[in-house]
Amino acid sequence: MISIVIVNYNGIAYLRDCFHSLAAQTWRDTEVILVDNASADGSVAYVRREFPEVKIVENQTNRGFAGGTNDGIRASSGEFIFTVNNDTITTPGCLEALARAMASDTSVGMCAPKMVFPDGRINSAGIEVALSGAAWDRGLGEKDKGQYDQPGVCVFGSCAGASLYRRAMLDDCGLFDEDFFLYMEDVDLAVRARLAGWTCRYVPDAVVYHYHGGTAPVGSDISVYFGNRNVVWYPFKDYPAPVLLLALPFIIGRSIAVIPYYTFFHGKGRLVLRSKTDAFLGVGRMIRRRGEVHRRIPSQVFLSLLNIRARIVRQSPVSPPSNQHTSRTKSS
């Protein structure tokens with residue numbers, strides 16, 4: 001069984017298309033779990049009325065993507081977990097292609113579909129990670145011309161906006177880190193999984209259309225703050241000691257460089273300064289948690305998995321769809 005976990009926060013405008021696409025899957029052995037993070041837009045009532053087959057986990061507070069997804073995983077029973085954003089449309093053969101790829105090799109702990117923006121540009125063909133901790137979506141912003149259609153490619157990790165996870169891998173490595181709340185929690189999980197010896201398979205036949213920014217709009221203060229904080233945290237918590245020592249100048253240098261970038265290009269320099277301050281104030285807690293991470297592969301092997309390039313941001317602006325279910329509520 002595949003357990004489908006969707007975290008929702010005031011996302012009623014997206015839910016109909018999301019659930020209809022999941023109901024049209026050729027892979028029929030599924031359960032659908034909606035985790036609602038204290039929405040105020042009537043999302044829960046709408047789903048109960050229109051999609052009574054959906055299991056609802058109703059949180060009384062906003063537990064973020066990490067906490068909300070974990071709540072859904074704990075309520076699930078499938079051998080595989082498909083995390084998918086509420087602002088997505090999953091093509092009919094997607095789950096079947098992902099499940100087939102996962103079943104082909106027991107060392108595969110994650111499968112990444114091809115995520116595409118509605119305008120035909122690539123959102124994600126898996127994620128890449130740099131020594132500095134910077135992470136980005138492979139192919140981000142490129143026009144989809146089939147350049148990422150080669151099957152069987154092993155990528156570093158998968159974007160949790162649409163990703164299939166093996167439960168055995170999650171049992172081994174742990175769930176999403178709830179300290180992260182939003183952003184980079186999928187990168188953190190991918191790093192932990194790769195260090196433990198699991199792999200990630202990219203599956204181009206599995207296609208998911210993603211509006212992007214349905215819960216936290218692209219470039220919003222919340223996305224900038226958590227993204228810039230968490231990108232510092234996971235290397236200190238996860239990287240093998242030799243790799244962390246090698247990465248320190250790059251982590252510090254990048255943390256300094258993004259402040260003028262966000263100041264002059266986005267007017268958010270003070271926000272990023274606060275984010276980086278909070279990040280380094282929290283480094284001690286991340287270091288104390290290093291013992292939670294299973295490091296089974298040699299440091300040099302892990303280092304070879306990292307990309308030498310670096311990026312400032314992992315996002316690309318995309319216009320959201322029109323509100324189809326309410327004139328008052330927009331996802332935020």
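For residues that are among the β-branched types (V, I, T) and in contact (Cβ under 8 Å) with a residue 12 or more places away in the chain, scanning just segment 257-283, find the one that is nearest to R194 (Cα to Cα).
Checked segment 257-283; the qualifying residue nearest to R194 (Cα to Cα) is V283.
Which condition number does C159 fail, the rest of (1) over 16 Å from the mean Cα position of the chain (by Cα); (2) under 21 Å from Y202 (Cα atoms); (3) at pLDDT 95 or above being met?
Going through the list (1) over 16 Å from the mean Cα position of the chain (by Cα); (2) under 21 Å from Y202 (Cα atoms); (3) at pLDDT 95 or above, C159 breaks only (1).
Go through segment 55-77 residue by residue and tally those that are surrounded by fewer than 20 Cβ atoms within 10 Å (Cβ to Cβ) and among the acidic types (D, E).
Total meeting the criteria: 1.
Picking from R192, R229, which residue would you name as being over 30 Å from Q25 (Cα atoms), in contact with a helix residue (DSSP H, G or I) (Cβ under 7 Å, 6 or more places away or on another chain), in a helix (DSSP H, G or I) and not assigned by TED's automatic domain parsing to the domain that holds R274?
Criteria check complete, one pass: R192.
Six or more apart or on different chains, Cβ under 7 Å: which pairs go from a residue in segment 39-65 that's farther than 11 Å from N8 by Cα to one that's of a type in the set (G, A, S) and part of a loop (DSSP other than H, G, I, E, B)? Could you list them?
K55/A75; Q60/A38; T61/A38
Which residue, of L189, L175, L170, L182, is closer than 24 Å to G72 by Cβ, of a type outside the set (D, E, K, R), crowded, with 23+ Cβ neighbours inside 10 Å and out of contact with any Pro (no Cβ under 7 Å at 6 or more places or on another chain)?
So the residue among L189, L175, L170, L182 that is closer than 24 Å to G72 by Cβ, of a type outside the set (D, E, K, R), crowded, with 23+ Cβ neighbours inside 10 Å and out of contact with any Pro (no Cβ under 7 Å at 6 or more places or on another chain) is L189.
So for segment 306-314 (the condition being out of contact with any helix residue (DSSP H, G or I) (no Cβ under 7 Å at 6 or more places or on another chain), surrounded by 14 or more Cβ atoms within 10 Å (Cβ to Cβ) and either at pLDDT 95 or above or over 22 Å from C159 (Cβ atoms) (or both)), does at least one residue qualify?
Yes: one or more hits.
Collect the residues in segment 144-167 that are outside any loop (DSSP other than H, G, I, E, B) and under 24 Å from G72 (Cα atoms), keeping them in residue-number order.
Within segment 144-167, G157, A162, S163, L164, Y165, R166, R167 qualify.
Could you check how many residues of segment 54-77 are in contact with a Phe, Trp or Tyr (Cβ under 9 Å, 6 or more places away or on another chain), farther than 15 Å from I2 by Cα and outside any helix (DSSP H, G or I)?
2
Among the residues that make up segment 258-276, is at least one of them closer than 27 Å to G174 by Cα, outside the structural domain of N10 (by TED's automatic domain parsing) and at pLDDT 95 or above?
Within segment 258-276 (the criterion being closer than 27 Å to G174 by Cα, outside the structural domain of N10 (by TED's automatic domain parsing) and at pLDDT 95 or above), the answer is yes, since at least one residue qualifies.
Being crowded, with 24+ Cβ neighbours inside 10 Å, in contact with a Ser or Thr (Cβ under 6 Å, 6 or more places away or on another chain) and small (G, A, S) is the filter here; which residues of segment 81-125 pass it?
A112
Among the residues of segment 259-270, are any surrounded by fewer than 22 Cβ atoms within 10 Å (Cβ to Cβ), in a helix (DSSP H, G or I) and of a type in the set (K, R)?
Taking every residue of segment 259-270 in turn, at least one turns out to be surrounded by fewer than 22 Cβ atoms within 10 Å (Cβ to Cβ), in a helix (DSSP H, G or I) and of a type in the set (K, R).
Is it true that P118 is closer than 30 Å to Q147 by Cβ and in the same structural domain as K145 (by TED's automatic domain parsing)?
Yes: the conditions hold for P118.
Within the set of pairs 6 or more residues apart or between chains, which connect a residue that is over 18 Å from P204 (Cα atoms) and in the same structural domain as A112 (by TED's automatic domain parsing) inside segment 80-93 to a residue that is of a type in the set (F, W, Y) and buried (at least 24 other Cβ atoms within 10 Å of the Cβ) with Cβ atoms less than 7 Å apart?
Going by the 7 Å Cβ cut-off, the qualifying pairs are F80/Y165; I81/Y165; N86/Y14; D87/Y14.
Say whether the condition of being of a type in the set (S, T, Y) and touching a His at 6+ places or on another chain (Cβ under 9 Å) is met by at least one residue in segment 123-139.
Taking every residue of segment 123-139 in turn, at least one turns out to be of a type in the set (S, T, Y) and touching a His at 6+ places or on another chain (Cβ under 9 Å).
The values are calculated or read from the model by the stated rules, or taken from the named source; none is laboratory data. Since we're looking at a predicted model, the values are computed, not measured. Don't worry about glycine lacking a Cβ; one is built from the backbone with ideal geometry, like all the others, and counts go over all protein chains shown.
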